[in-house]
1. Go through region 42-72 and give me each residue that's part of a helix (DSSP H, G or I) and among the aromatic types (Phe, Trp, Tyr).
2. What tally of residues in region 3-17 results from selecting those that are over 22 Å from the mean Cα position of the chain (by Cα) and modelled with pLDDT of 95 or more?
3. Given (1) out of contact with any Lys or Arg (no Cβ under 8 Å at 6 or more places or on another chain); (2) of a type in the set (Ser, Thr, Tyr); (3) farther than 30 Å from Lys148 by Cα, where does Ser17 come up short, assuming only one miss?
4. Would a scan of region 134-147 turn up a residue that is surrounded by 15 or more Cβ atoms within 10 Å (Cβ to Cβ) and basic (Lys, Arg)?
5. Can you pull out every residue in region 187-205 that is among the aliphatic types (A, V, I, L, M) and touching a residue at least 60 places away in the same chain (Cβ under 8 Å)?
6. Report yes if some residue within region 21-41 is in a loop (DSSP other than H, G, I, E, B), of a type outside the set (D, E, K, R) and within 20 Å of Glu239 (Cβ to Cβ); otherwise report no.
7. Would you be able to say whether some residue in region 46-67 is closer than 21 Å to Tyr111 by Cβ, among the hydroxyl-bearing types (Ser, Thr, Tyr) and surrounded by fewer than 21 Cβ atoms within 10 Å (Cβ to Cβ)?
8. Tell me whether region 79-86 contains one or more residues that are loosely packed, with under 15 Cβ neighbours inside 10 Å and at pLDDT 95 or above.
Amino acid sequence: MFSRKLTLKKTHDFSASEEPELAVVFIHGIASDSNTFKNALNYLEGTRSLKNVRFITFDLLGSGKSLKNDKLNYDYKDQLEALHNSIEKLKLNIPLVLVGHSLGTLIVTRYADTYKKTVKELILISPPVYTEADLDNPAFATGIKLFKDAVSLKNRKILEEKAFNNSMEKIVLDKKNYRVLAELKTPAVLIYGAMDRFIAIYNIPKVVKDNEKYLTAIKTEGRHGVSRDKYNKLVGILEGVLNA
């Protein structure tokens, strides 16, 4: 058990206003770090209608500038504890939106489910929404291998890291993920690309139908990454939260 109070490294914190009305925290995906959102932030922070938004990024445990330690499990418990402590340190007195990408969508969804009244809205970019049937299907392993092969092309050593393997096993492949999203009581927008090879895109309309009150989906022409076809959709969503 890790005795130190867990927190995440804050890597970006900007608002064009001295009195922002909304805080948006970005959580990246597996085998990545907060630089995932660099282009998105440049775009959003240059959008006049979002001048009253505070934009914040963190590196997850085991990634970027955040803590790496073999005593960590890199599971939901660790990541949620660190995220909660980090959000508490911000001492926000304004509404909070969490934006996740890939693995980050699962973490922010579980966070909203755990701390139910803390989060105003979720924006889930390229969420890996797998049902129990998917996870129990031997053919599903082919998709996981495809993803690992893509990661290996960038950095083979990542596949040997505890943070990567535990994040995959204990978070991405958690059989509760679909049910948590289907029963979520926080408004969430799922943004996904039609050419994304790494998520079960056929499950997104299904989970939205299962939770029509709280979930909506936006389909783009893109792939898995946080590309412009996805992040430009954030403008309208954030404007809606600001004006609600």
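The values are calculated or read from the model by the stated rules, or taken from the named source; none is laboratory data. Since the structure is predicted, the reported quantities are computational estimates derived from the model, not experimental observations. Cβ atoms come from the backbone with ideal geometry, glycine included; neighbour counts cover every protein chain shown.
1. So in region 42-72, the residues part of a helix (DSSP H, G or I) come out as 42-45, 48-50.
If the condition is that a residue be part of a helix (DSSP H, G or I) and among the aromatic types (Phe, Trp, Tyr), then Tyr43 is the only one that fits.
2. Matching residues across region 3-17 total 2.
3. Only one criterion is unmet by Ser17, namely (1).
4. no
5. Initially, region 187-205 is screened for residues among the aliphatic types (A, V, I, L, M), giving 188-191, 194-195, 199-201, 204.
Residues satisfying the conditions are Ala188, Val189, Leu190, Ile191, Ile199, Ala200, Ile204.
6. First, pick out the residues of region 21-41 that are in a loop (DSSP other than H, G, I, E, B): 21, 28-33.
Then keep just the ones that are of a type outside the set (D, E, K, R); that gives 28-32.
From what is left, the residues that are within 20 Å of Glu239 (Cβ to Cβ) are none.
No.
7. Kept after step one, since they are closer than 21 Å to Tyr111 by Cβ, are these residues of region 46-67: 53-67.
Now restrict to residues that are among the hydroxyl-bearing types (Ser, Thr, Tyr): 57, 63, 66.
Those left that are additionally surrounded by fewer than 21 Cβ atoms within 10 Å (Cβ to Cβ): none.
Looking through region 46-67, none of the residues is closer than 21 Å to Tyr111 by Cβ, among the hydroxyl-bearing types (Ser, Thr, Tyr) and surrounded by fewer than 21 Cβ atoms within 10 Å (Cβ to Cβ).
8. In the first step, residues of region 79-86 are kept if they are loosely packed, with under 15 Cβ neighbours inside 10 Å; the result is 85.
Among the residues that remain, those that are also at pLDDT 95 or above are: 85.
Looking through region 79-86, at least one residue is loosely packed, with under 15 Cβ neighbours inside 10 Å and at pLDDT 95 or above.
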